[in-house]
Amino acid sequence: MPIFETDRPKRSRLIVTGAAGGIGQMIRGKLDHLADEVVLSDIDDVEVSGNEVSRPCDLTDLDGIRALLKGGGDVLHFGGQSMEAPFERILNSNLIGTYNLYEAARLEGVRRVFFASSNHAIGFHPREEMLDADSVTRPDTLYGVSKVYGEAMARFYYDKFGVESLILRIGSCFPKPADQRQLATWMSVDDMIRLFGRMIHAHRLGCPILYGASDNTESWWDNSKTAYLGWQPQDSSDAWRDGMPDDYWHPDEPKARYQGGIFVTYGHPGTKMPE
Ligand code: NAI
Ligand code: 15L
C-alpha cells in the first residue's frame, strides 16, 4: 500500500552528521522542505546559511553526540570513514562512532535514522548477480566490514529499542558517474533527497535495506522488497553513457568481475594510522 506524504509531518529538526563531506555538501541547502531547522555536524564547524546551524562533534565522543541529539529530530548519519583505511581509523569513526550514534539515539529519544551503508558491504558479489534486501553480505574491505556492522547495529536498535532506520547501501553518489562501473552504481543527489522524503514522511518505516542507485539501465540491485516505501528514482546515469571512456579491463580481472570494483583488490590496510 502506498505511503502518502501527509502520513508523518515535516520535522522540526533534522540532524546531519558528516556534513562537511562530499555527500553532506551536496545535500545541504536541499533539506528545507523536510525540517524547520537543519543541524549540520562534523568534526569541525561547517559553513551554514538559511535554516542551518553548525554543531561540531566527534563521533567518538558519546556525551558530545548525546548533546547533539538532545531535543530529538531525525538523523541523517553520513559521518565516518568513507574509504578503506587502517583499522584504528575504522574502529574509531565507524565502529565506535556508529555505536555512539545509535546509543545516543536511544538515550535521547530519536526515533528515526538514515544509515549511510555502502555497496562495499556486498562488494564481493559478482556483477552478474542481481542482489536484493535479503542477499548475504560479502564485504570487500575492512571498510565494508564496518558497514555490515553498522547495518547490524541499526537492526539491533530497531528490534530491541524501536529506533527505526533506513539502511541505504549507497552505490556511487557524486555529481556525475566517473567511470564505466558507476554507470551501474551511480545515484544522483536528487534521488537521495527524494528518498529522505520517503523516510521522513512514511508513517511506519521499520528497518529496511535499500540499494542506492538511480534509475540506471545497467543495474545489479533490486529494491522491490522495499517498494512499500514508494521510492522511485527519477534520474539515470544513461545521460553519461555515450562518451564514457572504455575502462572495463579484462573481464576476468577482479575489479571487473565484482560489484565492489577496485576495492576488492586492496590489500590489508594495516592497523595503525602512520604517526
Ligand atoms: P566523506 O569522507 O566525504 O565525508 C565523511 C565525513 O565524515 C567527513 O566530513 C569527515 O570529517 C566526517 N567524519 C569522519 N570521522 C568522523 C568522526 N570521528 N567524527 C565526526 N565526523 C567524522 O564521505 P562521503 O562521500 O560524503 O560519504 C558519506 C557517507 O556515505 C560515508 O559514511 C560513506 O561511507 C557513505 N557512502 C558514500 C558513498 C559515496 O558515493 N559518496 C558510497 C557509499 C557509502
Ligand atoms: C563508497 O563506499 C565510497 O565511500 C565512495 O567514495 C565510492 O568509492 C563508492 O563507495 C563507490 O563504490 O563508488
Quiz item: Of everything in region 62-81 that's surrounded by fewer than 16 Cβ atoms within 10 Å (Cβ to Cβ) and free of Cβ contacts under 8 Å to residues at least 40 places away in the same chain, which residue is nearest to Val113 (Cα to Cα)?
Solution: Lys70
Self-check item: One residue from Arg204, Arg155 being touching a Cys at 6+ places or on another chain (Cβ under 6 Å), within 23 Å of Leu76 (Cβ to Cβ) and not hydroxyl-bearing (Ser, Thr, Tyr)
Solution: Arg155
Quiz item: For region 238-252, what are the residues that are surrounded by 13 or more Cβ atoms within 10 Å (Cβ to Cβ) and more than 12 Å from Arg181 (Cβ to Cβ)?
Solution: Asp238, Trp240, Arg241
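To keep it simple, each residue is scored yes or no on (1) away from ligand 1 (no atom under 11 Å from the Cβ); (2) in contact (Cβ under 8 Å) with a residue 12 or more places away in the chain; (3) within 13 Å of the chain's Cα centre (by Cα).
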{"residue": "His125", "(1), (2), (3)": "yes, yes, no"}
{"residue": "Ala154", "(1), (2), (3)": "yes, yes, yes"}
{"residue": "Asp190", "(1), (2), (3)": "yes, yes, no"}
{"residue": "Arg198", "(1), (2), (3)": "yes, yes, no"}
{"residue": "Gly212", "(1), (2), (3)": "no, yes, yes"}
Practice problem: Scan region 160-179 for residues that are within 27 Å of Tyr102 (Cβ to Cβ) and out of contact with any strand residue (DSSP E or B) (no Cβ under 6 Å at 6 or more places or on another chain) and jot them down. | Solution: Lys160, Phe161, Gly162, Val163, Cys173
Quiz prompt | Residues (closer than 14 Å to Ala19 by Cα and in a loop (DSSP other than H, G, I, E, B)) located in region 69-84 | solution = Phe78, Gly79, Gly80, Gln81, Ser82
Exercise. Return the total of residues in region 123-149 being within 14 Å of Pro254 (Cα to Cα), within 14 Å of ligand 2 (Cβ to nearest atom) and either among the aliphatic types (A, V, I, L, M) or outside any loop (DSSP other than H, G, I, E, B) (or both).
Key: 0
Exercise. Please give the number of the condition Ala178 fails out of (1) among the small types (Gly, Ala, Ser); (2) on the phi > 0 side of the Ramachandran plot; (3) within 15 Å of ligand 2 (Cβ to nearest atom); (4) without any contact (Cβ under 8 Å) to a residue 12 or more places away in the chain.
Key: (2)
Quiz item: For Glu88, are the conditions met, namely being more than 16 Å from ligand 2 (Cβ to nearest atom), under 22 Å from Ala121 (Cα atoms) and either in contact with a His (Cβ under 9 Å, 6 or more places away or on another chain) or of a type outside the set (Val, Ile, Thr) (or both)?
Solution: yes
Quiz item: Which number in (1) surrounded by fewer than 22 Cβ atoms within 10 Å (Cβ to Cβ); (2) touching a His at 6+ places or on another chain (Cβ under 8 Å); (3) not small (Gly, Ala, Ser) marks the one condition that Glu47 misses?
Solution: (2)
Quiz item: Mind checking which residues of region 99-120 are assigned to a helix (DSSP H, G or I), more than 9 Å from ligand 1 (Cβ to nearest atom) and in contact with a strand residue (DSSP E or B) (Cβ under 8 Å, 6 or more places away or on another chain)?
Solution: Leu101, Tyr102, Ala105
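One line per residue, one yes/no per condition, for (1) more than 25 Å from Thr265 (Cα to Cα); (2) surrounded by fewer than 17 Cβ atoms within 10 Å (Cβ to Cβ):
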| site | (1), (2) |
| --- | --- |
| His120 | no, no |
| Phe124 | no, no |
| Met130 | no, yes |
| Val136 | no, yes |
| Gly144 | no, no |
| Arg155 | yes, yes |
| His203 | yes, yes |
| Trp220 | no, no |
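All of the numbers you see were taken from the coordinates with simple rules; none came from a lab. Everything numeric in this text was worked out from a predicted model, so none of it was measured. Note: ideal-geometry Cβ built from the backbone for every residue, glycine included; neighbour counts use all protein chains shown.
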